[in-house]
1. Within region 117-126, can you find the residues that are surrounded by 15 or more Cβ atoms within 10 Å (Cβ to Cβ) and either outside any helix (DSSP H, G or I) or touching a residue at least 60 places away in the same chain (Cβ under 8 Å) (or both)?
2. Just a yes or no: is a residue in region 66-77 more than 17 Å from Gly145 (Cβ to Cβ), in contact with a Ser or Thr (Cβ under 8 Å, 6 or more places away or on another chain), modelled with pLDDT of 95 or more and surrounded by fewer than 22 Cβ atoms within 10 Å (Cβ to Cβ)?
3. Within region 129-161, how many residues turn out to be among the acidic types (Asp, Glu) and either buried (at least 22 other Cβ atoms within 10 Å of the Cβ) or within 12 Å of Leu98 (Cα to Cα) (or both)?
Amino acid sequence: MIFSNLEWFVVAKLNRQIIFVSDILAIFLPVISDMSGCSGNQAVAVSLRELSLGVVKPYELMRVLMQEVKVGLINGVVLGALIGLAAYLYVGNPYLGLVVGGALAINTVVAVAIGGTIPLFLKKMKVDPALASGPILTTVTDMLGFFLALTFAGASLEYLT
């Protein structure tokens, strides 16, 4: 939680003009990181379960990664489209919908891929995956979600105002 607050402070400080111009974007930033984080945590839970049951082994990391990317793409496209539509309907600006939806879609793919594979990687490194998977995933999805949304917003700033 402390790291998440520090991340937000640094990201907001570096991108304050974007947030100032498009204050409505600030409403969607936590939604982007939280929704993708939930998808990633579900992948962590499944991966930990499969590890504990012996269904998957740490050396199968690449196979699991490809499988999780496929699932992440489906989740990302669906969730991104839904939040993009909600942003568009809320504000009436299709560019905001694209910024928010695109950031959530990409962040969800990454979150699910990391969530499914980080327990296997940690197990291979002789680290307890149940202890470290969640914090690693949360840190990555929070930072990446903010980065993507603010980068997309910065690139389309003239259309958001």
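The values are calculated or read from the model by the stated rules, or taken from the named source; none is laboratory data. All values derive from a computational prediction rather than experimental measurement. Note: ideal-geometry Cβ built from the backbone for every residue, glycine included; neighbour counts use all protein chains shown.
1. Residues of region 117-126 that are surrounded by 15 or more Cβ atoms within 10 Å (Cβ to Cβ), as a first pass: 117-123.
Matches in region 117-126: Thr117, Ile118, Pro119, Leu120, Phe121, Lys123.
2. The answer is no, given that none of the residues of region 66-77 is more than 17 Å from Gly145 (Cβ to Cβ), in contact with a Ser or Thr (Cβ under 8 Å, 6 or more places away or on another chain), modelled with pLDDT of 95 or more and surrounded by fewer than 22 Cβ atoms within 10 Å (Cβ to Cβ).
3. The qualifying residues number 1.
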